[in-house]
Amino acid sequence: MTKETFSDLVLKSEQTLYRVSMSMLRNESDCEDAVQTAILTAYENLSSLKNEKYFSTWLVRILINVCNKQLKSRSKIISIEDSNHTTEPSTPSPVVDIEVRIALEELPVKFREVIVLYYIEDFSVAEIKRILGIPEGTVKSRLSKGRELLREKLS
């Protein structure tokens, strides 16, 4: 893959990367750091991508790993600054209204990430399976439980 092709594919994935990281990290600066780290990691490990048609799912998987690392380190260190950051993305998705977005933010990460990938980013169950490295049945059950939790929060 050429640098130009890599850049083009990253630019096409930019909004997806932002929304996925924001749904997990809920913090603008952490989100930006995670996206940049994921892109750099992807570029450095480009040789591990076996099939170019899976670039998007491969890149999102890298991003999710970066976000999970940040969440893990964040749980060890609690900063007063973090509590003052907004949990709302600065550019709200036109697909999701404010009430749904707030309810989505309250979901546990494992349910939130599959809901975002499936309903907002339009990944298939099979693609989510590859991105998250979990069985297809787990993706489906998390989607079901996530929908149930959202229904409860919205009613």
Residues of the range 6-30 being open to solvent by less than 80 Å² (accessible area, probe 1.4 Å) and free of Cβ contacts under 8 Å to residues at least 40 places away in the same chain, in sequence order, are S7, D8
When only residues in the range 31-45 that are under 19 Å from N68 (Cα atoms) and among the hydroxyl-bearing types (S, T, Y) count, which is least open to solvent (accessible area, probe 1.4 Å)? T41
Read through the list (1) assigned to a helix (DSSP H, G or I); (2) open to solvent by 30 Å² or more (accessible area, probe 1.4 Å), then give the number of the only condition that D122 fails. (1)
Quick check on my filter: what residues within the range 102-119 are in a helix (DSSP H, G or I), open to solvent by 30 Å² or more (accessible area, probe 1.4 Å) and within 15 Å of K153 (Cα to Cα)? I102
I'd like the residue in the range 132-146 that is within 21 Å of R101 (Cβ to Cβ) and under 17 Å from the mean Cα position of the chain (by Cα) and, out of all such residues, is surrounded by the fewest Cβ atoms within 10 Å (Cβ to Cβ). L143
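The values are calculated or read from the model by the stated rules, or taken from the named source; none is laboratory data. All values derive from a computational prediction rather than experimental measurement. Backbone-built Cβ (ideal geometry, glycine too); neighbour counts: all protein chains shown. The area values use the complete protein model at the heavy-atom level, side chains included, leaving out ligands, DNA and RNA. Shrake-Rupley method; radii C 1.70, N 1.55, O 1.52, S 1.80 Å.
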